[in-house]
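Written out below as structure tokens is the structure these notes cover.
The values are calculated or read from the model by the stated rules, or taken from the named source; none is laboratory data. Bear in mind the structure is a predicted one, so any value in this text is a computation, not a measurement. All Cβ positions, even for glycine, are placed from backbone atoms using ideal geometry, and neighbour counts span all protein chains on display. The accessibility values were calculated without ligands, DNA or RNA, using every heavy atom of the protein model including side chains. Shrake-Rupley method; radii C 1.70, N 1.55, O 1.52, S 1.80 Å.
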Amino acid sequence: MWETETLGPRGYNDTVTNEIQSILRSRGSDEARLPDMVEQSWKRCLTDYNLLPDAVPRASVLSHSEIRTRMEEREEFMRIAEPEVERLFRQLVDSEYLVSLATTEGAMVLFRCDYQYLDELAGSGVIPGSVWSEDQQGTNGVGTCLRVGKPVIIAGTQHYGAAIMRLTCLTAPVLGRDGAIESVINVTTARHGDTRVNLMVQKIVERSARRIENGYFGRLNRRNMMLRFLENGQVADIAEEGRLALDDNGRIMDGSSFATRLLGKSVGDLVGQSAEDLFEMDRALCDIRPDAPVSLTYQGRTLQAVLSVPDAPRRTSTNSVLTRTAVAVPRPIDLAEEEMRINPILSQGLDRARRLLSVGLPLVITGETGAGKTAFAKTVARSFYGADGDIIFIDCAAPESSANLGALLQRQHGVRRSCLLIDRIDEMDELGQTTLLAVLERERQFGVNGLGVIVISRPELDQLVADNRMRLDLMHRLNGGQVALGPLRAVPDLESTVKDLFRIERDGLGKQHVEMDDDARLLLTHYHWPGNVRELRNTLRHAVALADGRVIGLEHLPEHIVAKIARKDLTARSQSEASKIEAALRYNGGNVSLTARYLGVSRATLYRKIHIQKARGDA
């Protein structure tokens, strides 16, 4: 249980307070006083931990094997937390935030950060596996949150250690049984944010913490009845739900922390009470239809609720709404058909995908056109299912896709594991979406003993919902885990990628003796590749096909690519970068914000690069 402190009137003449004021003045801080929670932490740093603000030790770091051990020890919890960490990162990535999940010792075991900000944050010791405890690193977001058990904002000079005072950290605890802290979700940025922005982001972080907490509560109580409720008029969101676990007699066994907040009672006061009496129900629990919305009354307030009951053992009956027509089931495909270059980033993505599939989550593969989504999805399916299962590929843009999907769902999946690989789900019609939703409802543990699902989409699923191209309930069913493939222009070592793909294309056409000259190699390395891997492979195939001798030069490359970049001095990397920026600006109609996102850099970074190139041109 966390520490709770009673904060009485503060005496500003005592020695410790004077020391705090002296430190703040030396930093040039414009804060006359620290927030109560932060000041109490500083006092602990000075009196209990005996830390010097200019000599706070750098955060210790767990090894890769230690990180893996921590995650394996909390495997069930991590299954719930990882998709939410990824979701939060996607929500905040454009604002230059790092997102991490820390253990109860303060170790960042889940860590998501845009590669372009890694170096800047690493300079302050914020890296995967870094351990942030208050007694070792002084006042910091993770450590102080663990100490007080409440959401915490530590902004700039509010950090006790001088080495990290340029950071802004926003954290919230994820609570488990009996209110014990299970973990801390943390958002960090190296830029200054005003109070209003910090409070807004903090609310987002708190909601993510509650989503994880409620998901884990549901997992721990999956064999019990559960009453899920929220304030009348609230949007249906797991973050806004209170949850109560009930025994077979309808008495409360456990409650989530948000349930205690909504009801104004502790878990201890709730346990043992009858849910029918607590909510003044006019009918018995057994008369409430499971998963159907109902209205409850609590102390004069109206709450919206849903009663969930444990799933009964799965039956082998063939009486299903899906078995109405007889259509030939599509045959499994042979996925060993396309060679793919596996770099370190893709290797991490493959490992992530396999882990998500192994726990029964559907997998969504996203990325720009030509980023290699289909090849990646097939590689994942082949590596995870191998020869032990059937892999069914359905292209939603094909005319027969709905018929194939309907036929597939008629089949019983109890003998062999099966994986449904759905390409271009943004093209799936309404009938296909309804059919897919039905099978996902039926297959409670698909990917383990039932049906695994891998979905490929260029747009994000929430964007499809916003555009009325996907059902909201289907999006929620599919949003189990996601792997986002980055564009080719964001690959750290593009030259190695070009070389490896060149060997693949060259060997595939039986021209192992062909090599590229320096001009062709430099052009390919510094082009911005709007069509990503597909465009690069087509370009390499084009060059190899036209090569009559042993050397590929500019004359063998597609003319439109050469025309865009060849007029630059290919031996100067700075001018190659300028060419890439110039081409990207043209591609995005001169819009700097779109171009910055397209190139994977911040708008400020792009402006700086443009000004540098302009200054060089003027000189």
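Annotations for the structure displayed:
To keep it simple, each residue is scored yes or no on (1) modelled with pLDDT of 85 or more; (2) open to solvent by less than 10 Å² (accessible area, probe 1.4 Å); (3) more than 34 Å from the chain's Cα centre (by Cα).
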site	(1), (2), (3)
Val491	no, no, no
Glu495	no, no, no
Glu515	yes, no, yes
Ala520	yes, yes, yes
Pro530	yes, no, no
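To keep it simple, each residue is scored yes or no on (1) under 24 Å from Asp36 (Cβ atoms); (2) of a type in the set (Gly, Ala, Ser); (3) buried (at least 21 other Cβ atoms within 10 Å of the Cβ).
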{"position": "Leu98", "(1), (2), (3)": "no, no, yes"}
{"position": "Glu105", "(1), (2), (3)": "no, no, no"}
{"position": "Tyr117", "(1), (2), (3)": "no, no, no"}
{"position": "Cys145", "(1), (2), (3)": "yes, no, yes"}
{"position": "Val152", "(1), (2), (3)": "yes, no, yes"}
{"position": "Ala162", "(1), (2), (3)": "yes, yes, no"}
{"position": "Gly179", "(1), (2), (3)": "yes, yes, no"}
{"position": "Asn186", "(1), (2), (3)": "yes, no, yes"}
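Here's the yes/no breakdown for (1) over 17 Å from Arg177 (Cα atoms); (2) touching a residue at least 60 places away in the same chain (Cβ under 8 Å):
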| position | (1), (2) |
| --- | --- |
| Tyr216 | no, yes |
| Asn224 | no, yes |
| Arg228 | no, yes |
| Ile238 | yes, no |
| Glu241 | no, no |
| Leu246 | no, no |
| Phe258 | no, no |
| Gly268 | no, no |
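- Those residues of region 217-275 which are in a helix (DSSP H, G or I) and surrounded by fewer than 17 Cβ atoms within 10 Å (Cβ to Cβ), in sequence order: Arg219, Leu220, Arg261, Gly268, Asp269
- Filter result for Ala180 (more than 20 Å from Val205 (Cα to Cα) and in contact (Cβ under 8 Å) with a residue 40 or more places away in the chain): no
- Close pairs from region 541-557: first in contact (Cβ under 8 Å) with a residue 12 or more places away in the chain and part of a helix (DSSP H, G or I), partner surrounded by 12 or more Cβ atoms within 10 Å (Cβ to Cβ) and among the acidic types (Asp, Glu), Cβ under 6 Å, at least 6 apart: Arg541/Glu505; Val544/Glu505; Leu554/Asp519
Matching residues to (1) free of Cβ contacts under 8 Å to residues at least 24 places away in the same chain; (2) among the charged types (D, E, K, R); (3) open to solvent by 40 Å² or more (accessible area, probe 1.4 Å):
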| position | (1), (2), (3) |
| --- | --- |
| Leu350 | no, no, no |
| Arg354 | no, yes, yes |
| Val364 | no, no, no |
| Thr369 | no, no, yes |
| Gly372 | no, no, no |
| Ala375 | no, no, no |
| Val380 | no, no, no |
| Tyr385 | no, no, no |
| Ile392 | no, no, no |
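To keep it simple, each residue is scored yes or no on (1) out of contact with any strand residue (DSSP E or B) (no Cβ under 8 Å at 6 or more places or on another chain); (2) modelled with pLDDT of 75 or more; (3) outside any strand (DSSP E or B); (4) of a type outside the set (A, V, I, L, M, F, W, C).
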site	(1), (2), (3), (4)
Ala305	no, yes, no, no
Val321	yes, no, yes, no
Ile342	yes, no, yes, no
Ala353	no, yes, yes, no
Gly370	yes, yes, yes, yes
